[in-house]
């Protein structure tokens, strides 16, 4: 009896972001050899952690939703997600603040949110919110399996797959109406329109250009927001540990110099240290612009097209300080006074608005409405304003922080007695962290009715090269990136590039 002693070539995953880790776990669950290459010293990609005064602060995604995406992933490997990561469901989704206005809390419980809206804007607006919640639920139901969990659907097939009822359901998602215009019919109070329009920024877009379809994000949050014990970066480490538990390998501090491609087929991956990894299958978990601009070699340019418009970037501020004057929740949004100018400044003038909206994540506060910090106690703060995806000068970055502080101060929040050196990150820093992104944090923006279909799917134009991550279908955000990783693994296996090992 002959024995094949040749070692099976592993699938190579480039990047240990959420998409790459998910793809690797999906493969390892099928006993397919897989190795993940990560240029940084830790997993997570944009789900990163920074330290101020010895305190770890989540400096990337801060909202965890759609936990079923990860439950299904772990179940495919015979594991129970809840045994590997501790989650606490938040009662309070977010607190919303405006200058010269009361604040508004939204909750996971519909009745609580309706009561809060009634007290904030009147009973008729509470009724409008009920209709809006029902509409967003239906939009999510229509697009869940047909779009988000599907391999790069096209608009015609998406509309026709359910027959006449499918066409009617797709029409109800309002792909030809902007989110802002749709909300103008849903709510009379401009503050509520501003509140729900903000969901466009979750995928790096302007609510004045994004389709109303993005209203489904409102349902995703209402369906459940969880607090990750240990912070969001714990999720990334949990995924990395799970991959290694399943037999996968992660090589940190390992940069990729290029891809060897012969006759439009992947043959190997060249590392920055000079090593060559032979492989027939690669999953790329980076900004697709890195491929399209030739950063991984001239032959790899053909993998996908270059984008013509970039999504939002940001200026972020990590602090360990005392707060006073405003009762922060875990998630608090301080809205600026001119929402139109906020997005015109970024997408039309490539600049910064005078009165930006500021998101603050107070990471030592719980997910309940009555959360508080003891007097005199310092707390971990992560603040963010949207910015254009271009290099900002030092003066512009300082100006962004000044305007951020101005918005917070005008609405009553005082931050002082900072401990340690606070950390400011802008588009230039994000561009260095995530090569070829130019600081764009969400890939392409979802602008226009075709915006959702412009992202590349998991299959690239090069045989054996697959794509995943926030710049790939189904889009940006933690659960979307995870779904993209699972779709990439499914495509790779369906195309015969890897078979389960006994």
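The values are calculated or read from the model by the stated rules, or taken from the named source; none is laboratory data. Note that the structure is a prediction, hence the values are computed from the model and not measured. Here the Cβ positions follow ideal geometry from the backbone for every residue, glycine too, while neighbour counts run over all protein chains shown.
I'd like to check which strands (runs of 3 or more DSSP E) are fully inside the stretch 412-502 and have at least 1 residues that are in the same structural domain as residue 305 (by TED's automatic domain parsing). Explain how you work it out, then say what you get.
Values: elements: 414-416, 423-425, 465-467.
The qualifying strands (runs of 3 or more DSSP E) are 465-467.
If you go through the stretch 203-225 one residue at a time, how many are surrounded by fewer than 20 Cβ atoms within 10 Å (Cβ to Cβ) and modelled with pLDDT of 95 or more?
Adding up the residues that qualify gives 2.
Tell me, which residue of the stretch 298-326 that is in contact (Cβ under 8 Å) with a residue 40 or more places away in the chain and out of contact with any strand residue (DSSP E or B) (no Cβ under 8 Å at 6 or more places or on another chain) is surrounded by the most Cβ atoms within 10 Å (Cβ to Cβ)?
As a first pass, look at the stretch 298-326 and keep what is in contact (Cβ under 8 Å) with a residue 40 or more places away in the chain: 299-300, 302-305, 307, 309-326.
Those left that are additionally out of contact with any strand residue (DSSP E or B) (no Cβ under 8 Å at 6 or more places or on another chain): 302, 305, 307, 309-311.
Details: 302: 15, 305: 14, 307: 20, 309: 15, 310: 24, 311: 28.
Here the residue is 311.
Restricting to the stretch 302-320, what's the tally of residues that are over 20 Å from the mean Cα position of the chain (by Cα) and modelled with pLDDT of 95 or more? Spell out the reasoning first.
Just the residues of the stretch 302-320 that are over 20 Å from the mean Cα position of the chain (by Cα), to begin with: 302-306, 308, 319-320.
The next check asks that each one be modelled with pLDDT of 95 or more; those that pass are 319-320.
So the answer is 2.
Consider residue 232 against the criteria (1) over 25 Å from residue 364 (Cα atoms); (2) under 18 Å from the mean Cα position of the chain (by Cα): it satisfies all of them except one. Which criterion is unmet?
Failing condition for residue 232: (1).
Restrict the check to the stretch 402-410 and report whether at least one residue is touching a helix residue (DSSP H, G or I) at 6+ places or on another chain (Cβ under 9 Å) and either modelled with pLDDT under 95 or surrounded by fewer than 21 Cβ atoms within 10 Å (Cβ to Cβ) (or both). So that I can check it myself, show each step before the final result.
Just the residues of the stretch 402-410 that are touching a helix residue (DSSP H, G or I) at 6+ places or on another chain (Cβ under 9 Å), to begin with: none.
Within the stretch 402-410, none of the residues are touching a helix residue (DSSP H, G or I) at 6+ places or on another chain (Cβ under 9 Å) and either modelled with pLDDT under 95 or surrounded by fewer than 21 Cβ atoms within 10 Å (Cβ to Cβ) (or both).
Could you check how many residues of the stretch 267-281 are in a loop (DSSP other than H, G, I, E, B) and over 14 Å from residue 10 (Cβ atoms)?
Initially, the stretch 267-281 is screened for residues in a loop (DSSP other than H, G, I, E, B), giving 272-275, 279-281.
With over 14 Å from residue 10 (Cβ atoms) added as a condition, the list becomes 272-274.
Total meeting the criteria: 3.
Within the stretch 126-135, restricting attention to residues that are closer than 18 Å to residue 94 by Cβ and surrounded by fewer than 20 Cβ atoms within 10 Å (Cβ to Cβ), which residue is nearest to the chain's Cα centre (by Cα)?
The initial filter retains those residues of the stretch 126-135 that are closer than 18 Å to residue 94 by Cβ, namely 126, 129, 132-133.
Subsequent filtering for residues that are surrounded by fewer than 20 Cβ atoms within 10 Å (Cβ to Cβ) retains 126, 133.
Numbers: 126: 29, 133: 22 Å.
Looking at residues that are closer than 18 Å to residue 94 by Cβ and surrounded by fewer than 20 Cβ atoms within 10 Å (Cβ to Cβ), I get 133.
Scanning the stretch 168-180 for residues that are in a loop (DSSP other than H, G, I, E, B) and surrounded by 15 or more Cβ atoms within 10 Å (Cβ to Cβ), which turns out modelled with the highest pLDDT? I'd like the intermediate steps shown before the answer.
Within the stretch 168-180, the first condition is being in a loop (DSSP other than H, G, I, E, B), and the residues that meet it are 173-177.
Checking which are surrounded by 15 or more Cβ atoms within 10 Å (Cβ to Cβ) leaves us with 173-175, 177.
Numbers: 173: 69, 174: 70, 175: 73, 177: 92.
Ranking the qualifying residues of the stretch 168-180, first place goes to 177.
Quick grid of which residues meet (1) in a helix (DSSP H, G or I); (2) surrounded by 22 or more Cβ atoms within 10 Å (Cβ to Cβ); (3) modelled with pLDDT of 80 or more:
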residue: 166; (1), (2), (3): yes, no, no
residue: 188; (1), (2), (3): no, no, yes
residue: 192; (1), (2), (3): yes, no, yes
residue: 196; (1), (2), (3): yes, yes, yes
residue: 231; (1), (2), (3): no, no, yes
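Give just the number: which of (1) touching a residue at least 12 places away in the same chain (Cβ under 8 Å); (2) surrounded by fewer than 16 Cβ atoms within 10 Å (Cβ to Cβ); (3) closer than 30 Å to residue 474 by Cα does residue 435 not satisfy?
All conditions pass for residue 435, except number (2).
So which of 491, 460 is buried (at least 23 other Cβ atoms within 10 Å of the Cβ) and within 25 Å of residue 26 (Cβ to Cβ)? Break it down stepwise before answering.
On the way: 491 fails: buried (at least 23 other Cβ atoms within 10 Å of the Cβ).
Of 491, 460, the one residue that is buried (at least 23 other Cβ atoms within 10 Å of the Cβ) and within 25 Å of residue 26 (Cβ to Cβ) is 460.
For residues that are closer than 17 Å to residue 230 by Cα and in a loop (DSSP other than H, G, I, E, B), tally how many sit in the stretch 27-45. It would help to see each step written out before you state the result.
In the first step, residues of the stretch 27-45 are kept if they are closer than 17 Å to residue 230 by Cα; the result is 42-44.
Those still in the list that are in a loop (DSSP other than H, G, I, E, B) too: 42-43.
Going through the stretch 27-45 one residue at a time, the tally reaches 2.
Every residue in the stretch 233-243 that is touching a strand residue (DSSP E or B) at 6+ places or on another chain (Cβ under 8 Å) and surrounded by 22 or more Cβ atoms within 10 Å (Cβ to Cβ), please. Reasoning before the result, please.
So in the stretch 233-243, the residues touching a strand residue (DSSP E or B) at 6+ places or on another chain (Cβ under 8 Å) come out as 233-237, 240, 243.
The answer is 233, 235, 236, 240, 243.
Examine the stretch 136-155 for a residue that is farther than 27 Å from residue 489 by Cα, surrounded by fewer than 19 Cβ atoms within 10 Å (Cβ to Cβ) and at pLDDT 60 or above, and state whether such a residue exists.
Checking the stretch 136-155: at least one residue is farther than 27 Å from residue 489 by Cα, surrounded by fewer than 19 Cβ atoms within 10 Å (Cβ to Cβ) and at pLDDT 60 or above.
Being in contact (Cβ under 8 Å) with a residue 12 or more places away in the chain and closer than 21 Å to residue 225 by Cα is the requirement here; does residue 48 meet it? Steps first, please.
Details: in contact (Cβ under 8 Å) with a residue 12 or more places away in the chain: yes; closer than 21 Å to residue 225 by Cα: yes.
Yes: the conditions hold for residue 48.
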